[in-house]
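Here is the structure we will look at, set down as structure tokens.
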Amino acid sequence: MLPIQTESDLKITLRWLFAGAVAVSLLGIVQYFTLLHLPPRFWGSGLEPERIISVYEHPNELALYLAPLLIFFTTLFVNKVAIIKNRIWFVIALLILSVALLLTFSRGAWLGVAAGGLVVLLRRHSWKALGLGLACGAILLLFTPVRALRETEFSDPSSAVHLDLMRIGVREIIKSPWVG
């Protein structure tokens, strides 16, 4: 027997999934301001910014959890699928997820959400709405933790590892273009 058999069952399941994401996000936001259960390596000492982990062991794990859910629930909101009757609370909860995702400083997750957001906008709205969305996104990025990342010039340990992996990959492709 399947646990989700009716539309009501599906809405209840989605509400619990959404509530869990909001709870995890709130814990991460509290962590950002209090350092509660945040390992010292993510405190933002030195050149790298403070990164939240919530209930996970690494900021990227939190970002991998939040990014797809943020796009999924944003899509439900845009398509007016009512899992929460009060749309204002839904928007507030989506903002909480967004802030927590920003505080992970996971650039890959940010790019994924941006790409997902573009797809949602393109499928639902005109090019004018897409332009407005891009303008709002650009303004938001000017006032978010992205500024701190620009100031570090991607010299944090996570970026250094990514750059090393890219250098190794390029070197291997040059050595053997077919097998790489």
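Dipole magnitude for the range 38-120: about 360 debye, using +1 per Lys or Arg Cβ and -1 per Asp or Glu Cβ, origin at the Cα centre. Applying the Karplus parametrisation 6.51 cos²θ - 1.76 cosθ + 1.60 with θ = phi - 60° to the phi angles of the range 107-119, what ³J(HN,Hα) value in whole Hz is obtained for each residue in order, glycine and proline being reported as x? Residue by residue, the range 107-119 yields 4, x, 5, 4, 5, x, 5, 4, 5, x, x, 5, 4 Hz. The chymotrypsin sites (Phe, Trp or Tyr not before Pro) of the range 2-81 include none that meets both conditions, a loop assignment by DSSP and at most 11 other Cβ atoms within 10 Å of the site Cβ. Karplus-based coupling profile of the range 55-72, in residue order and whole Hz: 9, 9, 9, 8, x, 5, 5, 4, 5, 5, 7, 7, 4, x, 5, 4, 5, 4, with θ = phi - 60° in 6.51 cos²θ - 1.76 cosθ + 1.60 and x standing for Gly or Pro. What is the sum of charges, Lys and Arg at +1 and Asp and Glu at -1, for the other residues whose Cβ falls under 11 Å from the Cβ of residue 85? Surrounding charge for residue 85 is +3. Coupling constants for the range 97-103 follow from the phi torsions by the Karplus curve (6.51 cos²θ - 1.76 cosθ + 1.60, θ = phi - 60°), and in residue order they are 4, 5, 4, 4, 5, 4, 6 Hz; glycine and proline get x.
Values in this text are rule-based calculations from the coordinates and carry no lab data. Worth saying up front: this structure is predicted, and the values here are computed from it rather than measured. Because the Cβ atoms are built from the backbone with ideal geometry, glycine has one as well, and the counts that use them run over all protein chains shown.
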